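So the structure is just underneath, and the comments pick up after that.
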Amino acid sequence: MTERKPRDFFPPLAAGVGLGLTLMGMFLFTGHGLGASGFFTNVLAWLGTLAAPDWTEMNSYLGNYLGATHPLNSWLSWELAGAAIGGLAGSLIAGRFRFKIERGPHTSAGARMGFAVGGGVLSGFGASLAGGCTSSLGLSGGAVLAVASFVFLIAFFAAGLLVAALTGRIWQ
């Protein structure tokens, strides 16, 4: 049996136009832009109320998220679900879906997963410090010309270049 050849990636310019139209639609139909990091904070606060309600209520960060609805009633939950389903559908349609861990030839799967989890935790912490993730600050903030958005994007890309220079050897 021959394996189906994957289709080419979507043209970047078309993807950018699609993302811009999606962002504009979000502003027009919901009154807010794209974002994702708030979902994880909502879920953490909700789990905190189940495990340690008094501590969660007294926590100066998580306490602000109490009284909100169940995480599944939040638009962020459905935005993230749509992104995951859309990504899966796109990879299946293009014939690019594979269960594998991308890594360098001298990097173990465990080390690669450690780098991924560590990077995710640092990005999540940075998003909470900055007041939003790359989609909310970078895309939505940039669309309304917020100065903080551009400062964030410069810092985010500079940090990315630094980390890529420091960890580039794991891919070789």
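Computed values, structure above
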| read-out | value |
| --- | --- |
| Count of segment 44-64 residues which are surrounded by 14 or more Cβ atoms within 10 Å (Cβ to Cβ), in a helix (DSSP H, G or I) and within 25 Å of the chain's Cα centre (by Cα) | 8 |
| Yes/no for Ser140 being within 12 Å of the chain's Cα centre (by Cα), part of a helix (DSSP H, G or I), at negative phi and not basic (Lys, Arg) | no |
| Contacts under 8 angstrom Cβ, first residue in segment 120-142 being farther than 14 Å from Leu34 by Cα and free of Cβ contacts under 8 Å to residues at least 40 places away in the same chain, partner of a type in the set (A, V, I, L, M, F, W, C) and outside any helix (DSSP H, G or I), 6 or more apart | Ser123/Cys133 |
| Per-region count, segment 97-114, residues under 19 Å from Arg7 (Cα atoms) and surrounded by 12 or more Cβ atoms within 10 Å (Cβ to Cβ) | 1 |
| Hey, Thr41 β-branched (Val, Ile, Thr), surrounded by 10 or more Cβ atoms within 10 Å (Cβ to Cβ), touching a residue at least 40 places away in the same chain (Cβ under 8 Å) and more than 24 Å from Thr167 (Cα to Cα) or not | yes |
| Qualifying residue in segment 63-71 (condition: in contact with a Ser or Thr (Cβ under 6 Å, 6 or more places away or on another chain), outside the structural domain of Gly160 (by TED's automatic domain parsing) and of a type in the set (Gly, Ala, Ser)) | no |
| Flag for Ser128 being part of a loop (DSSP other than H, G, I, E, B), over 29 Å from Phe9 (Cβ atoms) and either polar (S, T, N, Q) or touching a Phe, Trp or Tyr at 6+ places or on another chain (Cβ under 6 Å) (or both) | no |
| Of all residues making up segment 34-59, the number that are small (Gly, Ala, Ser) and modelled with pLDDT of 85 or more | 4 |
| For Leu92: the one exception among (1) in a loop (DSSP other than H, G, I, E, B); (2) more than 19 Å from the chain's Cα centre (by Cα); (3) closer than 28 Å to Gly25 by Cα | (1) |
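Residue-by-condition table, conditions (1) out of contact with any Leu (no Cβ under 6 Å at 6 or more places or on another chain); (2) surrounded by 11 or more Cβ atoms within 10 Å (Cβ to Cβ); (3) under 24 Å from Asn42 (Cα atoms):
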| site | (1), (2), (3) |
| --- | --- |
| Gly90 | yes, yes, no |
| Thr134 | yes, yes, yes |
| Val151 | yes, yes, no |
| Phe156 | yes, yes, yes |
| Leu166 | yes, no, no |
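The values are calculated or read from the model by the stated rules, or taken from the named source; none is laboratory data. Bear in mind that the values here come from a model prediction, so they are computed numbers and not experimental data. Backbone-built Cβ (ideal geometry, glycine too); neighbour counts: all protein chains shown.
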